[in-house]
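The values are calculated or read from the model by the stated rules, or taken from the named source; none is laboratory data. Note that this is a predicted model, so its numbers are computed, not measured. Methodologically, a virtual Cβ is constructed for each residue, glycine included, from the backbone with ideal geometry; neighbour enumeration extends over all protein chains shown.
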Amino acid sequence: MITILDIGMNHETAPVELRECIARDPGNASMALASMREVSTIREGFFLSTCNRVEALCITEHPDEARESVISLLSRLGNVPEDNFLSSLFNFEDGEAIKHIFRVASSLDSMVVGEPQILGQIKDAYFEATREKTSGVILNRLLHKAFHVAKRVRTETGVSDAAVSISYAAVELAKKIFYDLEDKKVLLIGAGEMAELAARHLMNQGVSAISVANRTFERAVQVAESFKGNPVSFEEIMGQLLEVDIVISSTASTEHIILHDDVKGSMRKRRNRPLFFIDIAVPRDVEPRVNNLDNVYVYDIDDLKGVIEVNMDQRLQEAVKAERIVEEEVIKFEKWLKTLAVVPTIVSLKEKAETIRLAEIKKSLAGLGKLTPSQMEGVENLTASITEKIINDPILVLKRKADRATRDTYIDMMRKLFKLDSNDGEGE
C-alpha cells in the first residue's frame, strides 16, 4: 500500500542551531534528492530546505524503511548524530502529511502566518525535484494541489493581508533600539528577498543611506540601484562597520562572515556608538559571541519570533477560514489518491476490450471484402462506441467504490468476471 511520509524539523520543533547544521550547504537539497533516488524503498522524493524548516516528503510502500533512510540522510547532511535531533523531528503520514504540506504552502505553518516567501521556496524545491527526476505521479499531483490550496487561501481569506513579515519585525526591533531611524545608515549584506524587504522597510522609516555588499559585485550594483544606494565589495565590509548603524545580513555562506574580534575592533573606533545586526541567514552570518559586546545588538531569525505579535488576532481569525480550506482540499486529494488503487484494473479492462474489438474486426473484415476508407472509419467508430458503452458501467462502479471499504472486493470481482488475470482459469 502506498504511504506518503513527511519527516523534518521547523522553527517550532528545533532551534536555529540545529536547523542551520542541515541547511548549511546550499547543495544539500540536490544531494538529498540524489540520495532519495538511490533508496529502493522510496518511489518519489521531495526535499525542502529554508531558514525555518528542513523536511523530506516521499512516497513509499515500505514506510518504516523509508523513514529510517530519511533520518539517516538528515544525519549525514548535517553531520549530526541521529540521537541529537530525533526528538526535534516531526513525522507525518498520509492524511496528516498531505495536510502538513498544504499548510506549509499556504503559510499557515510559518513563523509569520501569511508570509509570501514560502510558496516560492516550495516551487523552487519542486522544480529541483522534477529536474532530479525524483517527483512522480503522486508528488506531482500533491504539490500542484498544494499550489492550488495556497492560491485559494490567499484569495479567499485575509491571512496574507494581516501578515507581518520577518523584515517588518526586524525594522520594529531597530526602532526599539534607535527610536528614530532618520539619518541612520544601513549595510545590506547579501541580496536575499527578506533582506531586501527589510531594507525597503527601513527606507520607508527615513534611513539616510544604504550600502549593499554581495559576493557578486554586479548583483550588489543592481540591488543598490533599486535603493539609490552604494554598492560595496565584500572586502569593504569591515570598513563599513565603522560607518553604519544597522547591518542586515542574509547570505548563503556556510561560515560566519561577521566575527567577534572584528566587531570588537570596530566598536573601539566607533567610540561605542550602538551597532545593530539583523542576521536572517541560516546558517547564521554573525558569530553569536558578537552579541556579548557592549552596545552591540544581534538578533537572529529565531529572536524575531517575539516581535511578530502585530495583527495576531486578525491573522488567527483568517487562519480559521484557511484551515477549513486546507481540510476540504485534503479530503479531495485523499479521494483522488484512493482512486489509484482501481486504475490498474480499469486500464486492464480497457486493454482487454480493445484487444477483443480489434480481433473481431480482423475476423469480420475477412468476409466483408475490401472496404472504402469511409466504410472502414464507420466500422471503427461503431465498434469503439459499442466497446466503450459495454465497459462504461463497470468502470463507473469501480470509481464509485474507490474510497469505500468494499473497494478491494469489487476490484477482485471485476478482475474475475472479465478474466483480467492470466491465472483465472475456465473452471473457476
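Out of contact with any Pro (no Cβ under 8 Å at 6 or more places or on another chain) and modelled with pLDDT of 90 or more: does that describe Asp393?
Considered against the rule, which asks whether it is out of contact with any Pro (no Cβ under 8 Å at 6 or more places or on another chain) and modelled with pLDDT of 90 or more, Asp393 comes out as yes.
Applying the selection to the stretch 134-159, what residues are crowded, with 18+ Cβ neighbours inside 10 Å, free of Cβ contacts under 8 Å to residues at least 60 places away in the same chain and within 20 Å of Lys338 (Cα to Cα)?
Ala146
Out of (1) in the same structural domain as Leu139 (by TED's automatic domain parsing); (2) free of Cβ contacts under 8 Å to residues at least 12 places away in the same chain, the odd one out for Glu334 is which?
With respect to (1) in the same structural domain as Leu139 (by TED's automatic domain parsing); (2) free of Cβ contacts under 8 Å to residues at least 12 places away in the same chain, Glu334 is out only on (2).
Can you tell which of Phe227, Phe217, Phe234 is among the hydrophobic types (A, V, I, L, M, F, W, C), surrounded by fewer than 22 Cβ atoms within 10 Å (Cβ to Cβ), in the same structural domain as Ile248 (by TED's automatic domain parsing) and out of contact with any strand residue (DSSP E or B) (no Cβ under 6 Å at 6 or more places or on another chain)?
From the options Phe227, Phe217, Phe234, the qualifying one is Phe217.
Does any residue of the stretch 302-322 turn out to be more than 30 Å from Ala170 (Cα to Cα) and modelled with pLDDT of 90 or more?
There is no residue in the stretch 302-322 that is more than 30 Å from Ala170 (Cα to Cα) and modelled with pLDDT of 90 or more.
Looking only at the stretch 106-133, which residues are buried (at least 24 other Cβ atoms within 10 Å of the Cβ) and more than 16 Å from Arg315 (Cβ to Cβ)?
The one that is buried (at least 24 other Cβ atoms within 10 Å of the Cβ) and more than 16 Å from Arg315 (Cβ to Cβ): Ala129.
Can you name the number of the only condition in (1) without any contact (Cβ under 8 Å) to a residue 40 or more places away in the chain; (2) part of a loop (DSSP other than H, G, I, E, B); (3) under 16 Å from the mean Cα position of the chain (by Cα) that Phe127 fails?
Only one criterion in (1) without any contact (Cβ under 8 Å) to a residue 40 or more places away in the chain; (2) part of a loop (DSSP other than H, G, I, E, B); (3) under 16 Å from the mean Cα position of the chain (by Cα) is unmet by Phe127, namely (2).
Name the single residue that is surrounded by the most Cβ atoms within 10 Å (Cβ to Cβ) among those in the stretch 341-351 being more than 12 Å from Asp408 (Cα to Cα) and either in contact (Cβ under 8 Å) with a residue 40 or more places away in the chain or of a type in the set (Lys, Arg) (or both).
Leu349
Just need a number here: residues in the stretch 214-250 that are under 34 Å from the mean Cα position of the chain (by Cα) and within 20 Å of Asp261 (Cα to Cα).
6
Considering only residues that are in a helix (DSSP H, G or I) and basic (Lys, Arg), look in the stretch 355-379 and name the one that is nearest to Leu420 (Cα to Cα).
The extreme case among them is Arg357.
Take the conditions outside any strand (DSSP E or B) and acidic (Asp, Glu) and apply them to Asp6. Does it pass?
Considered against the rule, which asks whether it is outside any strand (DSSP E or B) and acidic (Asp, Glu), Asp6 comes out as no.
For the stretch 14-41, what are the residues that are of a type in the set (A, V, I, L, M, F, W, C) and touching an Asp or Glu at 6+ places or on another chain (Cβ under 9 Å)?
Val16, Ala29, Met31, Leu33, Ala34, Met36, Val39
Take the residues in the stretch 74-105 that are modelled with pLDDT under 95 and buried (at least 19 other Cβ atoms within 10 Å of the Cβ), then tell me which one is nearest to Val330 (Cα to Cα).
By that ranking, first place goes to Leu74.
Which residue pairs have Cβ atoms under 9 Å apart, sit 6 or more places apart or on different chains, and have a first residue in the stretch 7-25 that is assigned by TED's automatic domain parsing to the domain that holds Phe92 and a second that is basic (Lys, Arg) and assigned to a helix (DSSP H, G or I)?
Pairs that qualify, where the first residue is assigned by TED's automatic domain parsing to the domain that holds Phe92 and the partner is basic (Lys, Arg) and assigned to a helix (DSSP H, G or I), are Ile7/Arg67; Met9/Arg19; Asn10/Arg19; His11/Arg19; His11/Lys305.
Of the numbered conditions (1) modelled with pLDDT of 90 or more; (2) more than 25 Å from the chain's Cα centre (by Cα); (3) surrounded by 13 or more Cβ atoms within 10 Å (Cβ to Cβ); (4) of a type in the set (A, V, I, L, M), Val330 satisfies every one except a single condition; which is it?
Unmet for Val330, out of (1) modelled with pLDDT of 90 or more; (2) more than 25 Å from the chain's Cα centre (by Cα); (3) surrounded by 13 or more Cβ atoms within 10 Å (Cβ to Cβ); (4) of a type in the set (A, V, I, L, M): (2).
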